[in-house]
Amino acid sequence: MARVGSRLTWRDRLGTIRARFGISRNRYKINPGLYCMGRPTAKSPVLVTANYKLSFDALRQELSALDAWILAVDTRGINVWCAAGKGTFSADEISRQVTRARLAEIVDHRELILPQFAAPGVAAHQLPKKCGFTGRFGPLRAADLPGYLANGKQADERMRSITFSFGERLVLTPVEISLIWRPFLLVTLALFVFSGIGPDRFSIANAYSRGLLATGATIMAILAGAFVTPLLLPWLPGRQFWWKGLLAGSLAGLGYILFNRAACAGLEALGLWAWIVAVSSYLAMNFTGATPFTSLSGVKREMRLGLPVQCGAACLALCLWIAAPFLG
Amino acid sequence: MKDFRYLDNTAILRLNPEKCIGCGNCATVCPHRVFELRGKKAVIIDHDGCMECGACATNCPAAAIYVNPDDGCGCAAYIINHWIARLTGTSPKGCC
């Protein structure tokens with residue numbers, strides 16, 4: 001059985017940064033099983049978490065003054081919340097790990113502290129029958145665990161309420177951007193090809209110069225929709241994300257075509273602007289999956305409005321862009 | 001959550017007061033504090049705050065709660081993948 005400390009090394013912190021940027025995030029896991037934190041005894045609490053190393057590190061770095069057992073269940077390296085939603089963080093999986101670790105021979109009590117974020121996947125009332133341990137939901141945040149345990153395992157409203165602060169939104173943006181690099185490359189290739197179409201059939205010079213303009217527009221849209229919109233989320237008007245992204249994209253687009261007014265104007269500029277609006281709106285709409293407050297029903301509803309607007313704007317942009325060389 | 005509100009009258013969440021045994025699990029696990037225990041029954045005090053995570057339904061021993069059962073992290077790309085998969089008859093790609 002492994003003993004872990006609460007201090008994160010530079011390797012751990014580097015691993016956190018890599019995971020946040022989506023680098024090898026799918027392989028950032030630890031072996032499931034029982035770990036000691038400090039010098040736990042048979043009376044020490046058992047804290048359950050996922051085997052995603054980011055989850056594990058987030059937990060242990062808050063436990064510097066505690067002696068506890070940490071049971072990492074096999075969520076295939078996925079974090080607590082997503083694993084609970086997918087069903088891999090479940091009463092069955094917890095029971096499996098409790099049995100495998102022979103926990104009943106290690107601790108005198110029969111209680112597991114579960115992360116509150118695991119609740120969508122763990123029917124805690126089924127645990128006693130499955131493994132002989134009761135499950136108790138601790139606070140949402142690991143940082144509140146010491147206070148929770150010291151307070152007779154009572155969580156107040158704040159400990160059980162989700163927040164979505166600026167910092168919490170900021171750390172989500174790198175992975176959102178890292179997830180679109182493949183579509184970005186494909187789109188960029190297509191844009192270079194479309195940019196070369198003109199009265200001379202195909203002009204490589206145009207493909208290059210206009211392609212750069214179009215790619216710059218795409219990058220601007222990514223910044224507006226996948227970075228600025230999440231950061232300014234509560235201050236952008238409207239409740240629907242596609243609308244917030246559309247507004248951010250409109251302003252970003254305006255800035256982009258003004259900055260490039262020497263290189264393009266008229267219909268071409270309008271095309272670039274419409275493209276930035278479309279892509280920014282789509283990326284903002286996609287951010288709903290990363291938030292802790294949007295409902296699936298709500299996202300489906302706003303997609304029925306947002307997608308047609310985005311497709312329409314993208315089509316308009318493409319038509320204008322391809323037609324412009326023919327119209328002099 | 002008070003700071004962030006999403007779309008009103010959209011979340012699919014139903015509590016059957018007749019089946020409710022007043023255990024308070026839903027009020028404990030809900031990360032948006034949608035439920036409150038009043039006397040011997042749970043009540044929904046903030047329906048529009050619901051994000052359909054299902055924590056309440058999963059932890060209700062009396063099966064008194066119904067939440068939108070559709071699978072999905074609620075991200076647009078995932079939903080689009082599912083729509084495409086349904087049209088083409090293939091299996092949908094996983095989520096991020």
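Across the protein chains, with a 1.4 Å probe defining accessible surface, the residues A:R160, A:R39 rank A:R39, A:R160 from largest area downward. Straight-line reach from B:K2: taking Cα to Cα under 23 Å and skipping same-chain neighbours fewer than 8 places apart, the lysines in range are A:K244, A:K300. If you plug the beta carbon distance of A:D200 and A:L170 into 1/(1 + (r/R0)^6) with R0 = 60 Å, you get a FRET efficiency near 0.80.
Shielding value for B:76-84 is 5, the average number of Cβ atoms from other chains within 10 Å of each residue's Cβ. Annotation: amide H of B:L7 within the under-5 Å range of A:S295, sequence separation 5 or more or interchain, hydrogens built in the peptide plane. In the stretch A:274-299, the residues that give up 40 Å² or more of accessible area when the other protein chains are added, compared with the chain on its own (1.4 Å probe), are A:N286, A:G289, A:F293, A:S295, A:L296, A:S297. Coupling constants for the stretch A:221-233 follow from the phi torsions by the Karplus curve (6.51 cos²θ - 1.76 cosθ + 1.60, θ = phi - 60°), and in residue order they are 5, 5, 5, 5, x, 9, 10, 5, 4, x, 5, 8, 2 Hz; glycine and proline get x. For peptide B:47-56, the mean count of partner chain Cβ atoms within 10 Å of a residue's Cβ comes to 6. Working from Cα pairs under 8 Å separated by at least six residues, relative contact order for chain B is 27 percent. The residue list B:T58, B:L7, B:G24 was ranked by how far each Cα lies along the charge dipole of chain B toward its positive end, using unit charges on Cβ atoms, and B:G24 comes out on top. For the stretch A:78-86, the Karplus equation 6.51 cos²θ - 1.76 cosθ + 1.60, evaluated at θ = phi - 60°, returns couplings of 9, 5, 3, 5, 5, 5, 5, x, 7 Hz by residue, with Gly and Pro reported as x. Ordered by 1.4 Å accessible area with all protein chains kept, A:C319, B:C53, B:C30 run largest first as A:C319, B:C53, B:C30.
For the protein assembly as shown, the share of DSSP beta bridges that are antiparallel, to the nearest 5, is 50%. Pairing chains A and B buries close to 3700 square angstrom of accessible surface in total, based on protein heavy atoms and a 1.4 angstrom probe. Across A:E157, A:E111, A:E168, mean-square fluctuation computed from a Gaussian network of chain A (C-alpha pairs under 10 Å connected) peaks at A:E157. For the protein assembly as shown, the Cα-based Rg and Dmax, in that order, read 24.7, 83 Å. In chain A, a dipole from Cβ-located charges (positive for Lys and Arg, negative for Asp and Glu) runs towards its positive end, and of A:L318, A:L47, A:T294 it is A:L47 whose Cα lies farthest in that direction.
For chain A, the relative contact order works out to 12 percent when only alpha carbon pairs closer than 8 Å and six or more residues apart are counted.
Amide H contacts of B:F35: B:I45, each under 5 Å away and 5 or more positions distant or on a separate chain (H built 1.01 Å from N in the peptide plane; Pro and chain starts excluded).
In this structure A:D108 has an accessible area near 100 Å², from a 1.4 Å probe over the protein heavy atoms. In percent, rounded to a whole number, the relative contact order of the stretch A:2-162 is 20, using alpha-carbon pairs under 8 Å and six or more apart.
Note on B:R38: accessible area is roughly 140 Å² with a 1.4 Å probe, heavy atoms of protein only.
Relative to the isolated chain, which residues of the stretch A:147-165 have their accessible area cut by 50 Å² or more in the presence of all protein chains (1.4 Å probe, heavy atoms, no ligands or nucleic acids)? In the stretch A:147-165, residues shielded by partner chains: A:R160, A:I162.
For chain B, the mean residue ellipticity at 222 nm estimated from helices alone is -6000 deg cm²/dmol, where every DSSP H run of n ≥ 4 contributes -39500 (n - 2.57) and the total is divided by all residues, rounded to the nearest 500.
Mean per-residue shielding of peptide A:119-129 is 5, counting Cβ atoms of other chains within 10 Å of each Cβ. Burial of accessible area (probe 1.4 Å, heavy atoms of protein chains only) in the stretch B:1-28, relative to its chain alone, reaches at least 40 Å² for B:M1, B:F4, B:R5, B:Y6, B:L7, B:T10, B:T28. For A:D156, the accessible surface of its heavy atoms amounts to roughly 80 Å² (probe 1.4 Å, protein chains only, rounded to the nearest 10). The distance separating the Cα centre of the stretch A:6-78 from that of the stretch A:232-272 comes to 42 Å.
Leaving out ligands, DNA and RNA, and with a 1.4 Å probe, what % of the accessible surface on the stretch A:81-202 is carbon or sulfur? So the carbon and sulfur contribution to the accessible surface is 60 percent.
The values are calculated or read from the model by the stated rules, or taken from the named source; none is laboratory data. Note that the structure is predicted; figures quoted are calculated from it, not measured. All Cβ positions, even for glycine, are placed from backbone atoms using ideal geometry, and neighbour counts span all protein chains on display. What goes into the accessible areas is simple: the full protein's heavy atoms, side chains included, and nothing from ligands, DNA or RNA. Shrake-Rupley method; radii C 1.70, N 1.55, O 1.52, S 1.80 Å.
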